[in-house]
């Protein structure tokens, strides 16, 4: 099995230990790693699902490896989630009890990196949105989505209005037009929420 571990990435994460102690999202961590002096993940088009998956996989592989090392050295261990990656005090209980064993095994196996195709990533994303569709939306989710899409949070919105506003904001904030990937992802997520709400 090939190993794609990037030694620069591991050094960068060690240097960013204060940030990890505070806690950070995967997105913010990637943004930090793209800055000097590391310049990692440069040119990665995060709007491309396969490129995003590979970037995510490489980062999580390094985080899980580093977490094991830090735990053995008594420096702490990483609690690893996409929305919050945080260095916590090392525990003495068995790794199998942490609830991350299956994910850890997945990210530490480079075959999962090389064997995953663009179609596989699309299927994973489709499965995720289908699971999301199975649960009820809260009122606060709908209001947040309307605010993100700059719609009246109190009033009703038609499907036509929603589509028009979505396209308008996507044009304004698209990374190719100087916008941010995070903002376009927020806009797309809000559109999904309101599309479900209206269906």
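Every number here is computed from the coordinates shown, using simple stated rules; none is lab data. Fair warning: this is a prediction, and the values are worked out from it, not measured in the lab. Because the Cβ atoms are built from the backbone with ideal geometry, glycine has one as well, and the counts that use them run over all protein chains shown.
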Roughly what angle does helix 139-148 make with the longest principal axis of the chain, taking Cα atoms, 0 to 90 degrees, to the nearest 10?
80 degrees
For 139, 186, what's the fewest-to-most ordering of other Cβ within 10 Å of each Cβ?
139, 186
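Sort the chain into rounded, prolate or oblate with this rule: let a ≥ b ≥ c be the square roots of the eigenvalues of the Cα gyration tensor; rounded if a/c is under 1.5, and if a/c is not under 1.5, prolate when a/b is larger than b/c, oblate otherwise. Working shown, then result.
Numbers: a/c = 1.96, a/b = 1.77, b/c = 1.10.
It comes out prolate by the Cα gyration axes.
Taking the beta-carbon count within 10 Å as an exposure proxy, list 47, 138 from fewest neighbours to most.
Numbers: 47 14, 138 10.
The order, fewest Cβ neighbours first, is 138, 47.
Exposure proxy check: 166, 4, 107 ranked by fewest other beta carbons within 10 Å? Could you put the intermediate results ahead of the total?
On the way: 166 19, 4 11, 107 22.
Lowest to highest Cβ neighbour count: 4, 166, 107.
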Nearest 10, in degrees from 0 to 90: the angle of helix 49-72 to the longest Cα principal axis of the chain is 40 degrees
Under the definition of Cα pairs under 8 Å and six or more residues apart, what whole-number percent is the relative contact order of the chain?
19 percent
Percentage relative contact order, segment 7-117, counting C-alpha pairs under 8 Å, at least six apart
29 percent
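Can you classify segment 7-117 as rounded, prolate or oblate using the Cα gyration tensor, where a ≥ b ≥ c are the square roots of its eigenvalues, rounded means a/c under 1.5, and otherwise it's prolate if a/b beats b/c and oblate if not?
On the way: a/c = 1.97, a/b = 1.27, b/c = 1.55.
Oblate, since a/c reaches 1.5 and b/c is not below a/b.
Need the full-extension length gain, residue 72 to residue 170, defined as separation in residues times 0.36 nm minus the C-alpha distance. One decimal, nm.
Going from the current span to full extension adds 30.7 nm.
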